[in-house]
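These notes concern the structure reproduced below.
The values are calculated or read from the model by the stated rules, or taken from the named source; none is laboratory data. Everything quoted here is computed from the prediction, not taken from an experiment. Neighbour counts are summed over all protein chains in view; Cβ atoms, including those assigned to glycine, are modelled from backbone coordinates with ideal geometry. These area figures cover heavy atoms from the full protein model, side chains too; ligands, DNA and RNA do not enter into them. Shrake-Rupley method; radii C 1.70, N 1.55, O 1.52, S 1.80 Å.
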Amino acid sequence: MVLSWTKRNPLFRRLRKVTKDHQPPSADDDIVIPPHFCCPVTLDIMKDPVTLSTGITYDRDSIDTWLQSGNNTCPVTKQLLTTSDVIPNHAIRKMIQDWCVDNSSYGVQRIPTPRVPVSTCEVSRTCTTLLSASQRADDATCRESLAKIKAWGKESERNKRCVVGNGSADVLARAFHNFSRDSVHKHVVVLAEILDNLTWMLPIGQEGKECLGSENSLGSLVLFLGGNDLGARQSASLVIKELSAEALEKNEQIIEALVNMIREPVAPIATKSCLATIFNLVSLGESRELIAERFVDLGLVSLLLDIIVDGERGITEKALGVLDSICDFQKGRDFAKGNALMVPLAIKKILRVSGLASSFAVSILWKVWDKSDEGGLIEALQVGAFQKLLVVLQVGCDDSTKEKATDLLKLLNAYRGKAECVDSSSLELNYLKKPF
């Protein structure tokens, strides 16, 4: 098989340059590549050749992608596969490596010997050992198993899929529950390592959620959330986000821990997770009004407004969503109206963050405005609220947002004559559709 270095891929183009600069023995810029060195799917030289049950050899990444796409046939022969297991073809791999060495003058680099991927049996055996160790409160054995699992996850995406696909997250959740039930402070190190591994296995299955939602597990998670270890705090926030509002509201300390995470942020991903958890608690919890009032008492509204001022888009969107949920209740609305930044910020963020953020901002304004607040409505007109709401209707939105924007426009229209001026810099007239 003859392939031109310039026509195949960037590696081939680089090799042409090497041949010109260093003048290899052959004057021809083409290299003869044995056809059985190339993957039948990608036509690239195989880095990790494996053989299917049909006897055809492919590059591991290529055939894995093919099988994960739902295909159950051999790409070349079209035969139905009796098994998806593959066997490493060490002979062809060694031949490819020798060929690379022989053609090193063309800039060909030797393909490294791939590591043997983890097997399902290995993962199952390690998970069994880990679970058994957690039942005996054996930290050392459990940490050895966790180190193996972590190493597998880092080696390759295939290993990570194998670990996750064999229910490792549920096993780790059960182990977390077992150690928490024994003593949090006694097993703090192994509990932190379990959390660290759980973060790359998300989402967690139902069995795992039930284990993590137990009284003992929740207590441990809250302790980590409010601890001094920044990595453990972030891991705890990501895991807590997976749990239901029904499970979380059973722990009275979690509300204060979440507010402290917002007040003293660890990382953007942790802040997003905490905001998502707060949103679920305020929107879906059985005692959501009491929960919202507790958040208000702890100063969450002011913290949310600080985030909305200069937060990045993803965080700002979630902060607006939480604020909108808190404004479902009277205490939340009263506290929001009492903050001078609330209305200007909500108006400013319309059309500047995302469609969902605009819907949240319109909903907030709809909940806090009333006819009796003439001064507030006039102030809103002066910062361009009327024009922005018109643009919201122009660019399109969901029915609920459309109804709320229409109600707000009717409310503002009665005071348009009293507004002294409009801040043109706040208008988003570029979004308006031009008339035909």
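Structure values in brief
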item	result
Filter result for residue 111 (touching a residue at least 40 places away in the same chain (Cβ under 8 Å), closer than 28 Å to residue 152 by Cα and either hydroxyl-bearing (Ser, Thr, Tyr) or part of a loop (DSSP other than H, G, I, E, B) (or both))	yes
Any hit, region 406-419, residues being in contact with a helix residue (DSSP H, G or I) (Cβ under 8 Å, 6 or more places away or on another chain), assigned to a loop (DSSP other than H, G, I, E, B) and of a type in the set (Ser, Thr, Tyr)	yes
Residues of region 66-114 classified as among the β-branched types (Val, Ile, Thr), surrounded by fewer than 14 Cβ atoms within 10 Å (Cβ to Cβ) and closer than 16 Å to residue 44 by Cα, total	0
Every residue from region 297-354 that is among the small types (Gly, Ala, Ser), over 19 Å from residue 389 (Cα atoms), in a loop (DSSP other than H, G, I, E, B) and under 24 Å from the mean Cα position of the chain (by Cα)	311
Of the criteria (1) modelled with pLDDT of 95 or more; (2) within 30 Å of residue 98 (Cα to Cα); (3) small (Gly, Ala, Ser), which one residue 156 fails	(1)
Given (1) open to solvent by less than 50 Å² (accessible area, probe 1.4 Å); (2) within 18 Å of the chain's Cα centre (by Cα); (3) not hydrophobic (A, V, I, L, M, F, W, C), number of the condition residue 268 does not satisfy	(1)
